[in-house]
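One structure is given here, and the rest of the page talks about it.
The values are calculated or read from the model by the stated rules, or taken from the named source; none is laboratory data. Because the structure is a prediction, the values reported are computed rather than measured. Cβ atoms come from the backbone with ideal geometry, glycine included; neighbour counts cover every protein chain shown.
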Amino acid sequence: MAEILVLVDHVDGSVKKTALELLTLARSLGEPSAVFVGGGIDSAAATLAEYGAVNIYVADDAALTGHVVAPKAELLAQLVAEKSPAAVLITSSAEGKEIAGRLAVKAGSGVITDAVAVSADLVATQSIFGGSTIVQSKVTTGTPVITVRPNSTAPEAAPAAGARSDVSVALSPVATAAKIVDRVEEAKGARPELSEAAVVVSGGRGVGGPEGFEVIEKLADSLGAAVGASRAATDAGWYPHQYQVGQTGKTVSPQLYIANGISGAIQHRAGMQTSKTIIVVNKDPEAPIFELADYGVVGDLFEVVPQLTDEIGKRKA
Amino acid sequence: MKIVVCVKQVPDTWSEKKLDPTTKTLDRDSVDGVMNELDEYAVEEALKIAEATSGEVTVLSMGPAQSTETIRKALSMGADAGIHILDDGLAGSDAIATSLAISKVLEGRGADLIIFGSESTDARMSVIPAMVAERLGVAQLTFANKVEAPGDGSVKIHRLTDYGYDVVEASTPAVISVVEKINEPRYPSFKGIMAAKKKPVETITLADAGIEAATVGLGAAWSEVAEFAAAPARAAGTIVTDEGNGGVKIADYLSEQKFI
Ligand SMILES: Cc1cc2nc3c(=O)[nH]c(=O)nc-3n(C[C@H](O)[C@H](O)[C@H](O)COP(=O)(O)OP(=O)(O)OC[C@H]3O[C@@H](n4cnc5c(N)ncnc54)[C@H](O)[C@@H]3O)c2cc1C
Ligand SMILES: Cc1cc2nc3c(=O)[nH]c(=O)nc-3n(C[C@H](O)[C@H](O)[C@H](O)COP(=O)(O)OP(=O)(O)OC[C@H]3O[C@@H](n4cnc5c(N)ncnc54)[C@H](O)[C@@H]3O)c2cc1C
């Protein structure tokens, strides 16, 4: 069976759910091989094998992670040349898409971004124009490079050999041109990651200030959800920018999205419109966000949201 | 410093975007075009850097004839000159061909910085800046919410990441893409709009740029749209007014849907 390369998302060897989704998807297309870049393979290998990685290619070299994007594309281009895989799957994150773009140029391949499904004959489904149009597209030249949105496939275990081999790559001077001199972590709690979360609870200008986000966080915690924010809230400094949902923030597609005090500007919708179920709390019945709501309450979020949080607590107890 | 800003004309954010049934590409004729919002931030950043380093800013756009509006807008904000890559052979280009054409035209122009928006609002791929950096063999400094380019050949940015940001350093020439947190784009002044009319805009065809027609456009695309359809409309939801039990009602709905 043809090999499918999967670039693994992980943090120091703790494998992200998106990687398990890609391995699961890859099994329906061919034989998954995991490409693991950076340190921590000893803690990751078992999980990768459990989710179907037949091979694990390990490239643990500080130069690969100490520079912006280009080294990973060079590594993947080398693997594409050596292994002639049937396709390369990468998570549709900001960085994943950039890696895919550079890899496509290097490998002489077409590239498709933001797929929400990929069929056995490598036809990708894209949801475009804010979810209003569904497109089937296919790479016609080279090794298809496809980035897949988080939450597109439910991860399923299917143990495989997980045969490890080390890969080394001689990076070009171009690949090391942009050097990461410092990594700055901004507050991050124990909540699930925004783009991967099954449930997202968001707050906007209606939350009124940083204190208001406590109400949002409590609801999120009652549901095991990630917290999101509109740009009005991140710009005001009420919540860190990496939690921004929308055009210039994260694109999320969770099972459940709860929008509180958010009006539903087109740039916000662009990031959450494909959520499966959408709940809205807003005091203005005319707010455009209600057009997307499966269930909406016109009311003050400071009354509705705490009541909801309490109610969830009671029902879960 | 010589700075080139790449700007794309896209359908107005609020317009209903459609694919053309024959070419299966974006129908750009039936909608009003505007400068891609994020590219306004790219223009602003370029102008700020040029002002601080006595540099010059050239704005570059590839697209159909009406893209001149977007080029003029950048000129009226203060850019010095424009380049318009205009050729019917480019219609329907994929990201591979778009990045090729932009790179070919940039080659040999000696830009120190090439600044992009980080994403277009129509196709939303967020790949062109990385692909142009790859093709030109220069440093990629993308998703910047802060840029320091003092004009001494060094450039430093804050690159937004999932966990916060990375501080990234490189030497010029470099490709930069910006996010909307970086600045507040200026409005063109009346004087700026008048001045823009007299600024030079160079039109470049495929032949001028030495690009083989067979490598770009719809026919040359390395990926193709096989079919498309309107997504099933979202069923109208239930909207209720809070009468003191709004939270309980949502909880009921969540229970029904098996979320709790
Ligand atoms: C280039 C560009 C990129 C952008 N990218 C993004 C993006 O990625 N994400 C994004 O979100 N925005 C983005 N925006 C901004 C977007 O246009 C809107 O300005 C923003 O989404 C508004 O945020 P909001 O809905 O929280 O605020 P508002 O529009 O001010 O809405 C606040 C809402 O809260 C309601 N409200 C107030 N008080 C209460 C209360 N007590 N209880 C219940 N409801 C209440 C109000 O009725 C109102 O509907 C972008 C804009 C530009 C130009
Ligand atoms: C809905 C849709 C889906 C598509 N899907 C694919 C796909 O999966 N694969 C594929 O190969 N092609 C695809 N295309 C074609 C692709 O959009 C174009 O090739 C486009 O030029 C590049 O993508 P982008 O607009 O998303 O650019 P982005 O990478 O999102 O744009 C980033 C920045 O690059 C600059 N830029 C982009 N285009 C231009 C330009 N023409 N002139 C000057 N500067 C520019 C701007 O600064 C912009 O802010 C798609 C097009 C549409 C409309």
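Name the single residue, out of those in the range B:112-139 being closer than 24 Å to residue B:48 by Cα and near ligand 2 (Cβ under 6 Å from one of its atoms), that is nearest to the other protein chains (Cβ to nearest Cβ).
B:126
Are there any pairs, at least 6 apart or on different chains, whose C-beta atoms fall under 6 Å, with the first in the range B:157-183 and touching a residue at least 12 places away in the same chain (Cβ under 8 Å) and the second in a strand (DSSP E or B) and of a type in the set (S, T, N, Q), and if so, which?
Listed by first residue and then by second, the contacts come to B:158/B:145; B:160/B:145; B:175/B:140; B:177/B:142; B:179/B:145; B:181/B:145; B:182/B:145.
If you check A:181, A:215, which single one turns out to be out of contact with any Cys (no Cβ under 7 Å at 6 or more places or on another chain), within 16 Å of ligand 1 (Cβ to nearest atom), within 13 Å of chain B (Cβ to nearest Cβ) and hydrophobic (A, V, I, L, M, F, W, C)?
Result: A:215 is the single residue among A:181, A:215 that is out of contact with any Cys (no Cβ under 7 Å at 6 or more places or on another chain), within 16 Å of ligand 1 (Cβ to nearest atom), within 13 Å of chain B (Cβ to nearest Cβ) and hydrophobic (A, V, I, L, M, F, W, C).
Only one of these conditions is not met by residue B:150: (1) more than 30 Å from residue B:69 (Cβ to Cβ); (2) part of a strand (DSSP E or B); (3) away from chain A (no Cβ under 11 Å). Which number is it?
Result: residue B:150 fails condition (2) only.
Tell me which residues, restricted to the range B:205-253, are buried (at least 19 other Cβ atoms within 10 Å of the Cβ), more than 7 Å from every other protein chain (Cβ to nearest Cβ) and of a type outside the set (Gly, Ala, Ser).
B:206, B:211, B:216
Can you tell which of B:67, B:76 is part of a helix (DSSP H, G or I), touching a strand residue (DSSP E or B) at 6+ places or on another chain (Cβ under 9 Å) and closer than 29 Å to residue B:30 by Cα? Break it down into steps so the answer makes sense when it comes.
Numbers: B:76 fails: touching a strand residue (DSSP E or B) at 6+ places or on another chain (Cβ under 9 Å).
Being part of a helix (DSSP H, G or I), touching a strand residue (DSSP E or B) at 6+ places or on another chain (Cβ under 9 Å) and closer than 29 Å to residue B:30 by Cα holds for just one of B:67, B:76, which is B:67.
Could you grab me the full set of residues in the range A:193-210 that are under 21 Å from residue A:232 (Cβ atoms), surrounded by fewer than 24 Cβ atoms within 10 Å (Cβ to Cβ) and either away from ligand 1 (no atom under 14 Å from the Cβ) or more than 14 Å from every other protein chain (Cβ to nearest Cβ) (or both)?
A:205, A:208, A:209, A:210
Okay, residues lined up against (1) within 24 Å of residue A:28 (Cα to Cα); (2) in contact (Cβ under 8 Å) with a residue 24 or more places away in the chain; (3) in a strand (DSSP E or B):
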| position | (1), (2), (3) |
| --- | --- |
| A:85 | yes, yes, no |
| A:99 | yes, yes, no |
| A:106 | no, yes, no |
| A:112 | yes, yes, yes |
| A:134 | yes, no, yes |
| A:141 | yes, yes, no |
| A:153 | yes, yes, no |
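Looking at A:144, A:159 in this structure, which one is away from chain B (no Cβ under 11 Å), over 15 Å from residue A:35 (Cβ atoms) and at pLDDT 95 or above? Explain how you work it out, then say what you get.
Working: A:144 fails: away from chain B (no Cβ under 11 Å).
Checking each option against the conditions leaves just A:159.
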